[in-house]
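Some notes on the structure that comes next.
The values are calculated or read from the model by the stated rules, or taken from the named source; none is laboratory data. What you see is a predicted model, and the numbers here were worked out from it, not measured in a lab. Please note: Cβ atoms are built from the backbone with ideal geometry, for glycine as well, and neighbour counts cover all protein chains shown.
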Amino acid sequence: MAWMRAICGRLKSDYRITVTNVYNNFPWPTPTDVQKAKIEKTAQAILDARALYPGTSLADLYDELTMPPELRKAHQLNDKAVMEAYSFNVKGMTESDCVAELMKLYLKLTEGK
């Protein structure tokens, strides 16, 4: 989300997310098999937490004030697993730090292109 907020365009106050301006330029990590398995497990936990609330819209599930605790915890564990795949500092990293590190990776990946 931090990358999306920093990179994507806007139409009025809404984010304008496209393949070319957000997803195709995202610097993905190269996780180990163990890290990949952990990310898959934590991603499944997000889906499992959502399934506890059938008929609830994503807008309601992701309301910052009323997000179900199981879903919030599942996302926190997934965030941690992904951050570890990047070798980022899990505890002390702010959103700005995260975007700065992702931008460094992006620049490294695009050198000479």
- Please indicate, with yes or no, whether at least one residue in the stretch 32-45 is loosely packed, with under 15 Cβ neighbours inside 10 Å, within 24 Å of residue 110 (Cα to Cα), modelled with pLDDT under 95 and not charged (D, E, K, R). no
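Identify, from the list 15, 53, the residue that is hydroxyl-bearing (Ser, Thr, Tyr), surrounded by 12 or more Cβ atoms within 10 Å (Cβ to Cβ), outside any helix (DSSP H, G or I) and at pLDDT 95 or above.
Numbers: 15 fails: at pLDDT 95 or above.
Selected residue: 53, the only one of 15, 53 that is hydroxyl-bearing (Ser, Thr, Tyr), surrounded by 12 or more Cβ atoms within 10 Å (Cβ to Cβ), outside any helix (DSSP H, G or I) and at pLDDT 95 or above.
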- Message: Testing residue 48 on (1) assigned to a helix (DSSP H, G or I); (2) in contact (Cβ under 8 Å) with a residue 40 or more places away in the chain; (3) of a type outside the set (Val, Ile, Thr), one condition comes back false. Which one is that?
- Response: (2)
- Note on the structure: Given (1) within 17 Å of the chain's Cα centre (by Cα); (2) of a type in the set (A, V, I, L, M, F, W, C); (3) assigned to a helix (DSSP H, G or I), residue 28 misses just (3)
- Item | Candidate set: the stretch 2-12, residues that are surrounded by 10 or more Cβ atoms within 10 Å (Cβ to Cβ) and among the aliphatic types (A, V, I, L, M); chosen: the one nearest to the chain's Cα centre (by Cα) | 2
- Task: Select from the stretch 83-102 the residues that are surrounded by 12 or more Cβ atoms within 10 Å (Cβ to Cβ) and in a helix (DSSP H, G or I) and list them in ascending order.
- Result: 83, 84, 85, 95, 97, 98, 99, 100, 101, 102
- Query: Using beta carbons and a limit of 8 Å, which pairs, at least six apart or on different chains, have the first residue in the stretch 27-40 and in contact (Cβ under 8 Å) with a residue 24 or more places away in the chain and closer than 21 Å to residue 4 by Cα and the second one hydroxyl-bearing (Ser, Thr, Tyr) and in a helix (DSSP H, G or I)?
  - Reply: 27/106
